[in-house]
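Below you'll find the structure, written out as structure tokens, and then a few comments.
Coordinate-derived values only; no laboratory data. Fair warning: this is a prediction, and the values are worked out from it, not measured in the lab. Please note: Cβ atoms are built from the backbone with ideal geometry, for glycine as well, and neighbour counts cover all protein chains shown.
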There are 2 protein chains.
Amino acid sequence: MYRAPVADIAFTLKHVAGLKSALDAGSFGELGEDLVDAVLEEAGRFATDEVAPLYKIGDETGAVLKDAAVTMPAGWKDLYRRWIEGGWNGLSAPEEFGGQALPTMLGVAALEMWNSAAMAFGIGPTLTMGAVEALHKHASDELKAKYLAKLVSGEWMGTMNLTEPQAGSDLAALRSRAEPAGDGTYRIFGQKIFITYGEHDFTDNIVHLVLARLPDAPAGTRGISLFLVPKFLVNDDGSLGPRNDVFCSGIEHKLGIHASPTCTMIYGDGFGGAAPGAIGWLIGEENKGLACMFTMMNNARLAVGMQGVAVAEAAYQKALAYANERRQGKAASYTGNGMAPIVHHPDVQRNLLTMKVLTEIARSISYSCAHALDMAHVSEGEAAGHWRDRANLLTPLAKAFSTDAGVDVASLGVQIHGGMGFIEETGAAAYYRDARIAPIYEGTNGIQAIDLVTRKLPLGNGQHVHGYIDELKAVAADVRASNRPGFGRTANLLDRALADLTEATNFLQARLADGGQAAALAGATPYLRLISLAAGGAYLARGALASEQRQPLCRFYTENMLGESVTLKERVLGGAESLAEAGRALISA
Amino acid sequence: MYRAPVADIAFTLKHVAGLKSALDAGSFGELGEDLVDAVLEEAGRFATDEVAPLYKIGDETGAVLKDAAVTMPAGWKDLYRRWIEGGWNGLSAPEEFGGQALPTMLGVAALEMWNSAAMAFGIGPTLTMGAVEALHKHASDELKAKYLAKLVSGEWMGTMNLTEPQAGSDLAALRSRAEPAGDGTYRIFGQKIFITYGEHDFTDNIVHLVLARLPDAPAGTRGISLFLVPKFLVNDDGSLGPRNDVFCSGIEHKLGIHASPTCTMIYGDGFGGAAPGAIGWLIGEENKGLACMFTMMNNARLAVGMQGVAVAEAAYQKALAYANERRQGKAASYTGNGMAPIVHHPDVQRNLLTMKVLTEIARSISYSCAHALDMAHVSEGEAAGHWRDRANLLTPLAKAFSTDAGVDVASLGVQIHGGMGFIEETGAAAYYRDARIAPIYEGTNGIQAIDLVTRKLPLGNGQHVHGYIDELKAVAADVRASNRPGFGRTANLLDRALADLTEATNFLQARLADGGQAAALAGATPYLRLISLAAGGAYLARGALASEQRQPLCRFYTENMLGESVTLKERVLGGAESLAEAGRALISA
């Protein structure tokens, strides 16, 4: 079973993603390594001892809907109670409302552990923290006073209500509507689908953030407003009032994360005898709801990226343990009696190392993104802008690369288990099932790639990305300067990958500038992978420079996998025309 | 829902894999295109209209075990009856025992269709045909007379009993034992696991082929014999006699192919009141069981490869249909009203084209393997040897590349469906679940790669593979000679991939010759993918040369995907040392 890899996580936070230098520079005030280590240790203990043992029952029984109420798997409600009692919900939340205001890096590291232990558990509080962030930034003082402390403590949970049947990736097509009631409140009507933790028995109240259109709002995305719609209305003294007209009409039967209730929510249908029209309060300005929601979405994207890291880590641990246990055949490196543990077979080693490397790279990118968020938070002026750009640049990488890695690693994990991998009881297949949602939700990975190319490459007049690449190149130079033979051909191979990346970046920026939007869109997905793999090489090298025992993994990666940059660059530079031509034949007449 | 792509299948059989020239040369006697087309058409109709509609109930209810008896999903028993009445079971079986003796190519094409329609259905008869082949080649005339006709007609089904808990990939560890009864029969004792269709209600009798050890047999693989153990003993008049002491004690709860019962079989335990000791008959010579079983296994490997092709085809069809239906956002190429069908988005096109190309390549390789089997069957002397070598070379490619493609394509299929892809009702997730077993069973893909490098590269004194590569190079030359601008950079890119392949082949052959076994094993998996991708490019080009409308897909492939050959070659040539070094750290103390 999963054991939180606290030492690995701490190492990557500190020595790869920048936490150590930030702590040393006093960027986070009094915060020192001791507290960081203690928090990670304790989060690791809770994830390992409390969350992970409830994974299986969550997968097997799932969330159950009856009469518009969702019952969570046995033991999960109590788990959630202990979890919020531990203060985990408010780890990075504002102190003003009871949070601990620790850096996002720590929040993200803990999030990885909850998700490794049980992804269906980890996803719930992620939504709550998104709601906290949106309310904190955009809501009126009155709404904040009423809701924030309870969302920060975890006494109530929050949700994000965006998707409708006709409006998934394209929110311009939203139809839910909000009518002003004349008393400052609104009545919300409409149907939302795929609402994660839209209904459950963890908490007495649930605070829904809902996108809807006001009457006469402009069409498209500029006519969308954000509303707060509580499951139970809240009295002025904070006690619960009447039931609001928002109900769960169905939950999905999904491939994975069975314990996460994915709800269809009906607003304003007078369901269950409630007064028709769900009562809601406007968050932020009218018709600016999407901007408010994007606050949540960016953090949610990094959080989903952590799910990719998390499931990859869990799948890797399971496969590694099995490979050391299961014996089949003979192997040159095995000198013991009987059959060799399969970990001795080179092909099994290749699969395991591929899993480990993808996990480490995804973790490094995601933590680096969290680091940029933290630095933006504690910086001012130009420095803050720089770090905001960096976080914006890395968010699509953290989301898309990590979640693709989650699927690939979980699939290799099944493979290493052989026939046992296909048997549900073994548990490897469950990771393969869970992992599959992460490349889809919070913006499909294709959309992340488009975001990267069309919105992130232009940051800082197109210079920010080159500054990032220069930092990666400096790592390659450090590898060369280290003169360590154990790095093998790492320096040269990193140089090549980063040259490929520079060339591809220049190409896409030129296409964006000269109206070659189609070529830029065609190259987006291979470009996202290219920048991730090149950055990954530099991150692995940075880790190896800090700790020599990490050198073999870095060398394995650069000598066995980084060559993919050649293909990816070719795809970006020369693939668009044939893609467009062959693509036309796919379109039905 | 799946519709058999009869025209695509016929095209690939005839113009890519060699059936047309073989028919024209009269290699299959009277057999002409008319009959080929009629058989494919009718198989396509049956798969589309009869099998596919029962897929969902098979996935949802699965096979159910009660009191050692397995009940198949509603409608499946009747489906099987209609299927054998159509004569499909004996399509490629010997005429002497009631089969139609049609070329393996046709059998394999039909097999693709059954598996696309329902993989859990397609796998059952595959085992029967393996049993037919093993009995036909190795069994005594008496056993043949008693069993073959009924197995060919499908009145009875057959199974392969190899795996035991401690003996999966490594059959040397088998423990099941067979004791001579003194009357020419044997008593079999032991436990077998993962027995596909080990028990079911399709047929009145089930004929198990079982590997077991005779008393005092040598240790390891040279002490294994093959036995025929019927579920019911068979009287001399062909009627069923007493129940034999072989019982199903459990079926697995699996990730996918739920309707395929995966059984634990208990031999000789006196279960159910049977006389202890399962009565069995020796097939072939004592201690030569593995050789007999390999007859079955090679065909089973190609058959499993077809499952990869099949699930990829089905997943592609579903994703293509959805992409033409689902509308989200705007796209440059869409001039209609409202949101564009997502098939207009370049990134969706890239995913769909990747799916299509992987499917076509897997199909081309697998059909080419079947063609080689057919040609070996109708040839004599040196020619027969050449074609046997070719089939042997292509079998691991057909198995491993196709089944990896099945997983990758099914995963992309889920992705194209967005959130709906994760909902079981949609059906995309079921392909992702089903596909995952194929890279594992009948020899994991890692073992296929080892087989390719250590047993197939040496064929014909190491020259056979180079002859094959020369044929692929001739296709590249034909592309260049065609002078068609629509091929884009295909000729050059094919040349590069084939040069990479030649270099990697030479490298591995040199390592095998100079004792560098470890480097050869380390490079096996990337080499298998390299030869498959390079061959795939040549097959796509051959198709495009025969039909210009196939040119854009070929060009998309060579300009967007074939560049992977560069990485793969580097991995083979330069990856072993760092793999071994990093791999050591994986081994538990």
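On a C-alpha basis, how far is the centre of the stretch B:430-471 from the centre of the stretch A:231-267 in Å? Whole number, if you could? About 52 Å separates the Cα centre of the stretch B:430-471 from the one of the stretch A:231-267.
If you take the Cα centroid of the stretch B:484-506 and the Cα centroid of the stretch A:13-91, the two points sit 51 Å apart.
Assigning unit charges at the beta carbon (Lys, Arg +1; Asp, Glu -1) and nothing else, what dipole magnitude in debye, to the nearest 20, does chain A show about its Cα centre?
For chain A, the charge dipole is close to 1480 debye.
Considering only B:Gly277, B:Ala167, B:Ser239, the residue lying farthest towards the positive end of the dipole of the stretch B:157-287 is B:Ala167, judged by Cα position with unit charges set on Cβ. Across the stretch A:1-156, how large is the tail of the calculated P(r) beyond 19 Å, expressed as a percent of all Cα pairs? The share of Cα pairs beyond 19 Å in the stretch A:1-156 comes to 57 percent.
Based on DSSP H segments of at least four residues, each scored -39500 (n - 2.57), chain B has a per-residue ellipticity at 222 nm of -17500 deg cm²/dmol.
The spacing between the stretch B:184-212 and the stretch A:141-158, judged by their C-alpha centroids, is 63 Å.
Placing +1 on each Lys and Arg Cβ and -1 on each Asp and Glu Cβ, with no other charges, gives the protein assembly as shown a dipole about its Cα centre of roughly 1340 debye. What's the FRET efficiency of B:Ala477 with B:Glu382 using the Cβ-Cβ distance as r and R₀ = 22 Å, to the nearest 0.05? The computed FRET efficiency comes out at 0.30.
In this label model, A:Glu425 and A:Ala332 are separated by 3.8 nm, measuring between points 7 Å along each Cα→Cβ vector. Among B:Glu382, A:Glu325, A:Glu112, the ranking by other beta carbons within 10 Å of each residue's beta carbon, starting with the fewest, stands as B:Glu382, A:Glu325, A:Glu112. Other protein chain C-beta atoms within 10 Å of residue C-beta, averaged over A:337-350: 6. Charges were assigned to the Cβ only: +1 to each Lys and Arg, -1 to each Asp and Glu. The resulting dipole of the stretch A:444-578 about its Cα centre is roughly 260 debye. Each of A:Asn445, A:Val566, A:Gly536 was placed along the dipole of chain A (beta-carbon charges, centred on the mean Cα), and the one lying farthest toward the positive end is A:Val566. Taking 7 Å steps out from each Cα toward its Cβ at A:Ala38 and A:Ala513 produces label points 5.3 nm apart.
Each residue in B:Leu79, B:Leu512, A:Leu240 was given a count of other beta-carbon atoms within 10 angstrom of its own, and listing them fewest first yields A:Leu240, B:Leu512, B:Leu79.
Rounded to 0.05, the FRET efficiency of the B:Arg3 and B:Ile57 pair, given R0 = 22 Å and the Cβ-Cβ distance, is 0.70. The value of relative contact order for chain B, using C-alpha pairs under 8 Å at least six residues apart, is 12 percent. Taken residue by residue and averaged, Cβ atoms of other chains lying within 10 Å of the Cβ of A:512-520 number 1.
Residue and whole-Å distance for the chain A Cβ lying nearest the axis of the A-onto-B rotation are A:Val566, 2. Put in order of Cβ neighbour count within 10 Å, fewest first, the listed residues B:Met306, B:Met105 become B:Met105, B:Met306.
By per-residue mean of other Cβ atoms within 10 Å, what is the highest-first order of A:186-193, B:581-588? Can you show the working numbers first?
Numbers: A:186-193: 22.5, B:581-588: 16.9.
Highest-to-lowest ranking by the protection proxy: A:186-193, B:581-588.
Placing a pseudo-label 7 Å from each Cα along the Cα-to-Cβ vector at A:Gln549 and B:Ala219 gives an inter-label distance of 3.7 nm. In the protein assembly as shown, a dipole from Cβ-located charges (positive for Lys and Arg, negative for Asp and Glu) runs towards its positive end, and of A:Ala219, B:Phe227, A:Trp83 it is A:Ala219 whose Cα lies farthest in that direction. Principal axis extents of the C-alpha atoms in the protein assembly as shown (largest first, rounded to whole Å): 92, 64, 63.
Pairwise Cα distances in chain B exceed 30 Å for 53 percent of all pairs.
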